[in-house]
Amino acid sequence: MNISPNILSNHNNVSNCAVDTNILIAVYNDEDRLHQDALELMKHINNLYIGHSVIDETCITFGKKIREVISKVVLFYSKLDLKSREEEIIKMENDLLSQLNSENPQNVNFHKFIIKKSREIRKKSSSNNDIIKGLLRLHKELNDAVCILNTITNKILSINSEINFYPYTFVNNKRYNDKIREVTELIKDIKFKDSNDKKIFVELVVCYPAHFELPIVFVSDDKEFIKKSHRAIDKLKSKYGESYFDDLIFKLLKEYLKDLTSIYSNKV
């Protein structure tokens with residue numbers, strides 16, 4: 001499903017976006033490989049729609065990752081000699097980073113983020129106990145959806161003060177519950193990567209179109225999710241009609257940024 005020329009020609013239309021978990025994580029984590037692209041996206045958004053399933057998965061992801069490393073990080077800083085020279089401490093922190101990366105190479109960017117935050121906490125602390133308290137506060141934040149969302153919101157507002165935030169989720173009534181069951185049944189043969197991806201997709205299409213200013217572009221960095229979403233939309237068309245989802249567009253982050261670049265270049 002591609003963005004039509006008519007949609008791309010209207011600035012207000014292209015700025016209605018819903019985002020996947022990987023985009024929110026990238027906004028929060030300035031060590032994430034997508035961080036700069038995610039911030040660039042936010043500069044062009046007028047209305048940002050965030051599904052509750054996306055918020056939940058963001059919190060679950062951060063919580064899981066911090067729980068995997070927090071005991072090692074706390075132990076390190078509890079034994080750290082703060083009287084050591086700064087270059088020696090930095091080397092030891094980098095050694096800890098290397099250890100964490102060797103134990104779980106998939107979370108390299110998150111580990112960089114944690115060591116960076118830990119170093120910032122250390123430099124503001126006067127004792128090992130103060131560092132531990134700071135680390136535990138960070139641990140609490142990364143397990144708290146409200147704290148995470150507030151941090152993300154503030155970061156976005158710092159680069160785009162005009163953006164509007166709209167959470168969306170299911171309404172607990174018969175019409176929505178029937179549609180959830182209907183959508184779930186129609187796409188039962190589509191094997192999303194995990195249950196979270198399926199929840200994100202179902203929440204989006206059940207809330208569409210009533211919860212959004214249209215057209216709405218769902219942006220993700222997950223190629224598999226975009227591919228499965230297109231397949232699921234094709235399944236849903238048998239029930240809702242060929243044109244029903246014309247104003248719901250799925251785009252990879254890099255592709256959508258290219259679209260935006262093309263739009264603004266043509267306007268100059």
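The values are calculated or read from the model by the stated rules, or taken from the named source; none is laboratory data. This structure is a prediction, so every number in the text was calculated from the model and none was measured. Here the Cβ positions follow ideal geometry from the backbone for every residue, glycine too, while neighbour counts run over all protein chains shown.
The number of residues in the stretch 127-148 being of a type in the set (Asp, Glu) and either over 28 Å from His52 (Cα atoms) or assigned to a helix (DSSP H, G or I) (or both) comes to 2.
Of everything in the stretch 215-236, what is polar (S, T, N, Q) and under 18 Å from Asp37 (Cα atoms)? Give them in sequence order. If you could, list the steps in order and put the result at the bottom.
Step one: filter the stretch 215-236 for residues polar (S, T, N, Q), giving 220, 229.
Passing the criteria: only Ser220.
Residues that are touching a residue at least 12 places away in the same chain (Cβ under 8 Å), surrounded by fewer than 18 Cβ atoms within 10 Å (Cβ to Cβ) and not hydroxyl-bearing (Ser, Thr, Tyr) were ranked within the stretch 122-137; the one that is farthest from Ile66 (Cα to Cα) is Asn128. Which of the residues belonging to the stretch 222-236 are buried (at least 20 other Cβ atoms within 10 Å of the Cβ) and within 22 Å of Pro167 (Cβ to Cβ)? Correct list: Phe225, Ser229. Of all the criteria given as (1) of a type in the set (D, E, K, R); (2) in contact (Cβ under 8 Å) with a residue 12 or more places away in the chain; (3) surrounded by 12 or more Cβ atoms within 10 Å (Cβ to Cβ), the one not satisfied by Lys193 is (3). All conditions but one from (1) assigned by TED's automatic domain parsing to the domain that holds Glu31; (2) at pLDDT 95 or above apply to Asn172; the one that does not is (2). If the condition is being touching a residue at least 40 places away in the same chain (Cβ under 8 Å), part of a helix (DSSP H, G or I) and surrounded by 13 or more Cβ atoms within 10 Å (Cβ to Cβ), then the stretch 71-113 contributes Val73, Val74, Tyr77, Asn107, Asn109, Phe110, His111, Lys112, Phe113. Among the residues of the stretch 233-248, just one is among the small types (Gly, Ala, Ser) and more than 23 Å from Glu213 (Cβ to Cβ), namely Ser238. The test for being in contact with a helix residue (DSSP H, G or I) (Cβ under 8 Å, 6 or more places away or on another chain) and either over 30 Å from Asn150 (Cβ atoms) or not assigned by TED's automatic domain parsing to the domain that holds Leu48 (or both) does not hold for Ser243. Considering the stretch 150-268, the qualifying helices (runs of 4 or more DSSP H), each wholly inside and each with 3 or more residues that are under 27 Å from Asp30 (Cβ atoms) and more than 20 Å from the chain's Cα centre (by Cα), run over 253-267.
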